[in-house]
Amino acid sequence: MEKVQGRGIWGLGLLIIVFLSVSSGEAQSKPVLVNCGANSSVIVDGRRWIGDLAPNDNFTVSSPGVAATDSTADGNSTLGPLYKTARIFNALNYTFAGMQGNYFLRLHFCPFPFENYNVNESSFSVVANGLKLMTAFNVPVEIADKNLHLQNSNSNSSSLSLVKEYILAINDVLVVEFVSSRGSFGFINAVEVVPVVGTLFADSVSKVGGSNANFNVSGRGIETMYRLNIGGQEIKTNQDSDLWRKWEMDSSYMITADAGVEIRNTSNVTYASNNDSSVAPLLVYETARIMSNTEVLEKKFNMSWKFQVDPDFDYLIRLHFCELVYDKANQRIFRVYINNKTAADSFDVYVRAGGKNRAYHQDYFDTVSSKTNTLWVQLGPDTAVGASGTDALLNGLEIFKLSRSANLAFADRIDSTEKSASHSKSWTLWLGVGAGNPPGWRPLFMHGAVVSSIAYKKGGVRSLNGSLAASTRVGRRFTLSEIRVATNNFDDSLVIGVGGFGKVYSGKIEDGTLAAIKRSNPQSKQGLTEFETEIEMLSKLRHRHLVSLIGFLRRTE
């Protein structure tokens, strides 16, 4: 058996991903935890991980490959001892027998310098029981992409490791196949197969769009892209002891950090249904975010989160709720928007969950096309319902990618040099929950779009062509060509927010002034009258969370 000694720590970051399949059967087996490239067992996170070189009855390895070690590597993680060893391969199979039911499959990666191998050039594919999980997968690129997101969100956190997590419906045998790309190699640090107790998903999920259609999730592979504990601290794997899931903090994904305030429970939380104990630990429901300012008259603002997603896949979005404040109905009612379409209205958590401090979740399904790089979710006050407050609440959030034709793998686009373009991962999924605007913005509304601008210190507002805005009741009337120039023809990469009426774009006026441009969506449930009402309201209101109206454009122009 050949061994390779590592030479130091290779600095990178963390990405958490999950795969999920939705059969209702319960697993009976115990977890199988594999420490790859090791000949002995190690206790990590309170669990025993078996070296894949040690004789055992839990799994078999098709090819020994190359065992690599680095005594200094730890992946900046509580799982650090697992990341001191790895198995390098050209082709490798792990076979787990005697399994029946649903299982989490987690693949752990922590790059460190391998002797005679350039880890940055590693590339491989992974298939589990015929379901393609990854293709041309480069771990350093994936970790660097995650760290870039954290850096751009002003987060101080980063990691050196990556975990891909899936859940599979297994009938007796699980075979996980690793195959390197031509002329390259792959590596793996640890594998865990954990039985699922209970049912994680219903077979049918409501499709967004108001058609009352349901989407059948059964038989689809599902990869969890994100799992967040909204308004609370990170929940570590040993705090979700049955399924060993990690719940990230949401702050690094927020567009405006102070748009929502954190709250927590003052008494014990219980599940609304006894069948939901596997859905999420109660810790998720003990914290939440609500709107930071609920005294604004205009109810079309949101607090938003932004995520990278893969194009041309279906997505299941799970929202976790628990009313922690109000002890009666009709106190906090809001709408749920997904991809700028109404997924639910008159949403009263107290009513749906059956009381205060009752943990409840709701699933929605929608599609991201190959030509669309954004998917939005928003929770905002329902203006059509007479709730006592203008507020919204969210406790937890999960995003799952569903397989198409037995495929969950997404390959980056290739640039002109035939190398993977790391920036091609910058497809985004946005989420919003009723809340505020970027500081300093003033809106310029359009009929079919809305625009806003930053005020000059002397009180004047410049128009798109540099002239002073006309003093009409809704500001200056702009031309469509001017708006197209300011928004780069409504480039989705310039989207900074979304509301019940449509998307908000960041634009730049000729004289360099930044502008926020809101474009109405004809598919929105809110009509022209409501849109004009919003324009009228913002032309009169002044508030630190509101942008001031400077002009408009009519759709017919």
Of the trypsin sites (Lys or Arg not before Pro) in the range 124-182, which ones lie in a loop per DSSP and count no more than 12 other C-beta atoms within 10 Å? R182
Using only the Cα atoms of the range 148-305, build the gyration tensor, take square roots of its eigenvalues as a ≥ b ≥ c, and label the shape rounded, prolate or oblate: rounded if a/c is under 1.5, else prolate if a/b is larger than b/c, else oblate. prolate
From the C-alpha gyration tensor of the range 239-280, pull out the three semi-axes of the equivalent ellipsoid (sqrt of 5λ each), sorted largest to smallest, in whole Å. 25, 16, 9
How much accessible surface does R245 have with a 1.4 Å probe, in Å² rounded to 10? 10
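Roughly how many percent of the accessible protein surface of the range 327-382 is carbon and sulfur, given a 1.4 Å probe and a whole-percent answer? Show your work: numbers first, answer last.
Values: 710 of 1830 Å².
Solvent-exposed carbon and sulfur of the range 327-382 make up 39 percent of the total.
Could you tell me which of the pairs K30/K341; K146/K503; K30/K306; K30/K132; K84/K246 are separated by over 31 angstrom between their Cα atoms in the structure shown?
K30/K341; K30/K306
Kindly sort D314, D258 by accessible area of their heavy atoms, largest first, with the probe set to 1.4 Å. Before the final figure, lay out each step's value.
Values: D314 15, D258 100 Å².
These residues rank, largest area first, as D258, D314.
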Under 1.5 on a/c is rounded, so check that first for the range 45-119, then, if it is not, pick prolate when a/b is larger than b/c and oblate when it is not; a ≥ b ≥ c are the square roots of the alpha carbon gyration tensor eigenvalues. oblate
Could you please put W244, W49 in sequence from largest to smallest accessible area, using a 1.4 Å probe? W244, W49
Between L394 and residues 5 or more places away or on another chain, which pairs have amide H atoms under 5 Å apart, with H built 1.01 Å from N, and which residues are they? R289
Using modelled backbone amide H atoms (1.01 Å from N, in-plane), which distant-in-sequence or interchain residues come within less than 5 Å of Q100's amide H? Q28, S29, D172
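The values are calculated or read from the model by the stated rules, or taken from the named source; none is laboratory data. Since the structure is predicted, the reported quantities are computational estimates derived from the model, not experimental observations. As a convention, Cβ positions derive from the backbone with ideal geometry for all residues, glycine included, and neighbour counts pool all protein chains shown. Ligands, DNA and RNA are stripped out before the accessible areas are found, and what is left, the full protein with its side chains, is counted by its heavy atoms. Shrake-Rupley method; radii C 1.70, N 1.55, O 1.52, S 1.80 Å.
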